[in-house]
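Asks: So that we are looking at the same thing, I have put the structure below in structure tokens.
The values are calculated or read from the model by the stated rules, or taken from the named source; none is laboratory data. Remember, it's a predicted structure, so these values are computed and weren't measured experimentally. We place every Cβ from the backbone using ideal geometry, glycine too, and count neighbours over all the protein chains shown.
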Amino acid sequence: MKQILLFLWINLPILGYGQFVETFDNDTWPNNWSGDVEWFKIKDECLMLNGPDGDGEFHLWHSYSIPQSSTIEWSFYLNLKTEPTNGNHIIIYPISYSSNPSGIYLRIGRNRSGKFSYGINNEEKELTDVDFKLERSMPQIKIVLQDYKDWTIYVRDSYSTQNFTKIFSFEHEIEISSQAYFYITFTHNKSGKNKLGIDEICVDSNSGNIPEEPENTEISAIKFDSIAAIGYSGAKLFFTGQIDISNAIFTLKENKYKEFKPNHKLLDNEEIVVLDGFTLEIGKEYTFYWEGIVDIDGLPVEDGKVEVRLIEDSSEPEENPEEEKPEQPTPSGMVRINEVMANHEIEYIELYNTSNDNITLDGWMLTYGGDLGKYILDGLTISANSYLVLYHSEHEWTLPEGTACPIDKFKQMNNNGKALVLYHNAQVIDSYTYPEAKPGISWEYSDSGWHFSSDERGGTPGEPNSEGKEEEEEPEPDEPEKEEPDEPEEEEPAQPSGIFSQGDIRLNEIMANPKGLEELPETEYIELYNRLDKEVSLKGWILQYGTTQVALDEVSIAAQDYMVLYRTGDADFDLPSASVCALDKFPANLANNGKSLSLIYYTDTIDQYTYSSAKEGKSWEYGEDGWHVCSDERGGTPGEANSDGILQEEEPQPDEPKEEPDEPHLPVSPIEMGAIRINEVMADPKGLEELPETEYIELYNVSDETQTLAGCTLVYDNRNKAALDGISIPAHAFAVLYRSGREMSLTSGMDCPVDKFPTLANAGDKSLVLQNHEGDIIDQYTYPKAKTGQSWEYAPNNWHLSSDPRGGTPGEENSDGIPSEEEEEDEDDKEDEDPTDTNLPHPAPGEIIINEILPEPFPDGSEYIELFNRSERDLSLADVCLSTRKSDGSLNTVYSLSAYDRLLESGDYLLISKSLEGVWTYYDMPDESHTLECKLPVFSNTGASVVLYRISSQAIIDEVTYSPKWHSVSASKRKGVALERIDPDGESDSASNWTSAASSVGYGTPGSPNSQHFSSSEATGNESISIPTLQPSGTYALTYQLDKPGYTARGWVFDMSGRKMASLVDNESLATSGTLEWDGQGFDGTPLESGVYIMYLELWHPDGDTLRRKAAFLVH
């Protein structure tokens, strides 16, 4: 049965606005309000109390003309961010005859939380409690007076779809005058400050004895008649005669908050107004307003509004053969997406009506790239066996008669392909995801599949398609039309009717790093699970990975079954227990460091999940208690029920060797205690010259045989574990462990980079424990406080500081050492130092600046802040702290930076985070000497004032009040994107001096010069971009220097015939200077053949500047 959408009228349409309406839609204070106006503010289109600290009572009143009617209504919304009580309450006098409140009043907050009460003339003895409690923060209240004596109070939850509920009524007769005051009293205590508000105040008469307008005020006889839904995307307003809406204003309000100015147009009969440009939802309430409509004689049509709720027509037709049969679902493919021109001066999408009847497209919509573009087709007609061509209205274009459809908001189409879906109401009629577009040539539909147009003009808009270019590789076609479209009973099962609920189809498993899989194919995959008891076709569904969208038109999932999606061309899955589907547009690579995934139907997100860093050879699986790493020995469970999961980060302990003697990666027997020794620890490498400035731990094999460290771990401070698999140390040899990605150069011994190498605290007193694969201790050592540029070395009698002039002996015999007693005396002297000692070089205001902030880290990441010493002297942080400001300007908790026990040198950066591991997991880290792990204030995602100041003198060194609005307009997603200061000498609080870190450097530069660093004193006004040059690594590097920060770039490689062969950079935000790398491969993943190619690079800036570079270069 076709889904029919109706508007249920909540109230009869109201013609004419109220006698008094206040919506607080503007930030400026409205006129005619009196009282304590200085203690109120308008925030988010709502009037909010903004009182002082402590207790207070504040008054507001507004005069208005009382409607002369037997029925009067007062309605308003209350914004309650705290439950109303005796100490926090609002009193409303709807009809007070003086600025001293009097008469009937309604009190919200009495005795117990959320209680209503009413009274008369402040006579507390007549106060009566009402058994109704507010449970939500945005109630709408209506007070109705009938015949000047019968009072009724109604309330409704504005977040629900329910009608008003009558909560009580009483009788009290009043005399009606012509003028009155709407009077409000707000009372709050300390806990209720800034938590009470009111909005959408309306005083009106509700039908009945409204006096006639004077004869000299002529109103049109045309009236509003009815309203009808157009699917989920629009509405029709019906009037009783021809009207003119050229100067009319239409407004749509959803519940209370969301207000839209919808697109509007008049149909041919000039009696029906079509509104679109929004999305409606089943069960939600909407209010449509109109004003400024006139009839064809110029007489004004009465302004008005109508309140409705969108519902489904669930009524069953009576079994009467004489009555008209219910409308059948529109056959799939009746209107076809027929041609797509995506890379041309005039881009267009052509539809084709395959039927023998004209089709009115009311309730039809074409979407481009999910939510990127929505084209409402209401009011259009596509003739039988004819075409409709959609394009941007800015183009003057002559097309065959009746086929042109210019659209004001037609989106620029992506050359790399996007999904197109054609809907009638919620039913998918056709869909197509076009592949990469060729310049000036369209994609055309044919019975055998889609092809490039062979027409010499490049396309056939509004005409039959060409025969196509046979030499082009054709993409997989959409489902062909059925041979007998008029017999729907022979078609495939129809798309399930109705709207899917969240979680009906679930993202169930994600394999992002399949490296090393043996029993499963070494292939990335995403598993879906159908929780419903019926088969579901995913035609019209989209899988969104980051910003990449993949159409799932060819996928169907059986009831309560799995579907495994993977990339076409990867190793095939052979899964007896579930279905699989290879997708051409499956994401090129699932990022190992995590990414967001969404499953979208129509415009609804059915499921979404942002997976964390992927573990090699292990999938992420859904579980009832949350997502977990797969514990199945194969590494994943594609097409099967998920495993119980690994609940902790550490690797599960290996099985007993005797049970699996054939596993070569585990030793036959565990390494014994003392066989390997922790031999040297470099925790503070700052200032090293002959050795790399890199933290390291040296191990020494004491035994007479090679020791393999498979299954062994290095445990730091009883919490951080680093696996040492793959390391073997020959007898009486050294192995130097350090963090992967850091520099280490040895003349002897083995250098062993470790992925999870810990950050070694300079303050010392941290334990290092070397464990074998059974968890037994091989060796352990707790090192003391580190000395800058010197390692701690093992000696038979005791540990000592290295006496080697280089500062350490990695991979070599240890030095004779500096006696530990001398060092202990030195440390005792330091402990006696006063942090506030004036002899220490304390920073003056402005000498150290806040240079970079990450308020919104990646999942499992950590917030950080970066300081920069822009002075010419080395400075101590012993008396320096960080804090944030409260709303009243006072400071929150203070966090000292005295743990940084060295001087911050001139021109140096300092990265500060509560978890350095949560930073280096996602960003390139500086040398450890430029980091500090300590407690920090919470950096709010919505902005905060961060203060750097001296504890003793309270002198502010620097202060930044950041905002998410400081991000670049190109930063569509802010999670994991740091805010960088542009000019270190510029103003700290200037939004123009901050922007997003470049994506080309990984969205952050903690402890290093900012990617967007740009000093006006260094500006040259010139920019330079090199051609791609072959590097020893086999990649091609393109260096650039830009004239200002904030550019975004895209670029390609073309062959000499003009064919686009490869992508250089795809919408990447750039640093002010840097290098772009290209792997030398084309779109198909294979290296380009040697020869001359053309580089084309396009950079654009938010201020409108554009740079283009085109140059020939050589591919070797």
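Asks: Can you pull out the residues in region 875-894 that are within 16 Å of Asn762 (Cα to Cα) and outside any strand (DSSP E or B)?
Replies: Selection gives Leu877, Ala878.
Asks: Identify, please: which residue in region 690-719 is touching a residue at least 40 places away in the same chain (Cβ under 8 Å) and surrounded by fewer than 17 Cβ atoms within 10 Å (Cβ to Cβ) and is, among those, nearest to Ser815 (Cα to Cα)?
Replies: Out of the qualifying residues, it is Glu690.
Asks: It is to be established whether one or more residues within region 879-888 are of a type in the set (Asp, Glu) and surrounded by 21 or more Cβ atoms within 10 Å (Cβ to Cβ).
Replies: Among the residues of region 879-888, at least one is of a type in the set (Asp, Glu) and surrounded by 21 or more Cβ atoms within 10 Å (Cβ to Cβ), which makes the answer yes.
Asks: Of (1) touching a Leu at 6+ places or on another chain (Cβ under 8 Å); (2) closer than 18 Å to Asp295 by Cβ; (3) at pLDDT 80 or above, Lys236 satisfies all except one. Which?
Replies: (2)
Asks: Can you tell me how many residues in region 587-624 are within 27 Å of Val919 (Cα to Cα) and either assigned to a loop (DSSP other than H, G, I, E, B) or of a type in the set (Val, Ile, Thr) (or both)?
Replies: 18
For (1) modelled with pLDDT under 70; (2) farther than 23 Å from Lys284 by Cβ, each residue gets a yes or a no:
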{"position": "Val130", "(1), (2)": "yes, yes"}
{"position": "Lys149", "(1), (2)": "no, yes"}
{"position": "Phe182", "(1), (2)": "no, yes"}
{"position": "Asn194", "(1), (2)": "no, yes"}
{"position": "Cys202", "(1), (2)": "no, no"}
{"position": "Pro211", "(1), (2)": "yes, yes"}
{"position": "Thr217", "(1), (2)": "yes, yes"}
{"position": "Ile230", "(1), (2)": "no, no"}
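Asks: Follow-up. Taking Leu1114, is it surrounded by 16 or more Cβ atoms within 10 Å (Cβ to Cβ), of a type outside the set (Ser, Thr, Tyr) and either modelled with pLDDT of 85 or more or over 34 Å from the mean Cα position of the chain (by Cα) (or both)?
Replies: no
Here's the yes/no breakdown for (1) of a type in the set (A, V, I, L, M, F, W, C); (2) farther than 27 Å from Pro692 by Cα; (3) at pLDDT below 90; (4) not in a loop (DSSP other than H, G, I, E, B):
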{"position": "Glu822", "(1), (2), (3), (4)": "no, no, yes, yes"}
{"position": "Asp826", "(1), (2), (3), (4)": "no, no, yes, yes"}
{"position": "Asn839", "(1), (2), (3), (4)": "no, yes, yes, no"}
{"position": "Arg873", "(1), (2), (3), (4)": "no, no, no, no"}
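Asks: Applying the selection to region 895-919, what residues are in contact with a strand residue (DSSP E or B) (Cβ under 6 Å, 6 or more places away or on another chain) and assigned to a loop (DSSP other than H, G, I, E, B)?
Replies: The answer is Leu897, Tyr900, Ser906, Asp908, Leu916.
Asks: Would you point out the residue of region 435-444, among those that are crowded, with 22+ Cβ neighbours inside 10 Å and assigned to a loop (DSSP other than H, G, I, E, B), that is nearest to the chain's Cα centre (by Cα)?
Replies: Only one residue tops the list, namely Ala437.
Asks: For a quick check of your reading of the model, give me the residue pairs whose first member lies in region 885-907 and is within 22 Å of Asp874 (Cβ to Cβ), whose second is in a loop (DSSP other than H, G, I, E, B) and among the small types (Gly, Ala, Ser), with beta-carbon atoms closer than 7 Å and at least 6 apart or on different chains.
Replies: Ser898/Ala878; Ala899/Ala763; Asp901/Ala763; Ser906/Ser871
Asks: Given region 299-382, what strands (runs of 3 or more DSSP E) lie entirely inside it while holding 1 or more residues that are over 30 Å from Thr251 (Cα atoms), at pLDDT 85 or above and not aromatic (Phe, Trp, Tyr)?
Replies: Answer list for region 299-382: 335-341, 348-353.
Asks: For region 385-429, what are the residues that are part of a loop (DSSP other than H, G, I, E, B) and in contact with a Cys (Cβ under 8 Å, 6 or more places away or on another chain)?
Replies: Listed by number, the list is empty, since nothing qualifies.
Asks: Does region 614-633 hold any residues that are of a type in the set (Lys, Arg) and either on the phi > 0 side of the Ramachandran plot or at pLDDT below 90 (or both), and which are they?
Replies: Listed by number, the list holds a single entry, Lys615.
Asks: Here is a follow-up. Quick one: in region 81-115, which of the residues that are crowded, with 21+ Cβ neighbours inside 10 Å and at pLDDT below 80 is nearest to Ile153 (Cα to Cα)?
Replies: By that ranking, first place goes to Lys115.
Asks: While we're looking at this one, here's another question. Kindly evaluate Asn762 against the criterion of being crowded, with 18+ Cβ neighbours inside 10 Å and closer than 13 Å to Val715 by Cα.
Replies: Considered against the rule, which asks whether it is crowded, with 18+ Cβ neighbours inside 10 Å and closer than 13 Å to Val715 by Cα, Asn762 comes out as no.
Asks: Does region 158-179 contain any residue that is at pLDDT below 80, among the charged types (D, E, K, R) and out of contact with any His (no Cβ under 9 Å at 6 or more places or on another chain)?
Replies: No - not one qualifying residue is present in region 158-179.
Asks: Another question, if that's okay. Here is a list: Gly1051, Gly1046, Gly1058. Which entry is closer than 22 Å to Glu1098 by Cβ and in a strand (DSSP E or B)?
Replies: Just one listed residue meets the conditions, Gly1051.
Asks: How many residues are in contact with a Gly (Cβ under 8 Å, 6 or more places away or on another chain) and either within 17 Å of Asp504 (Cα to Cα) or in a strand (DSSP E or B) (or both) when one looks only at region 553-575?
Replies: 2
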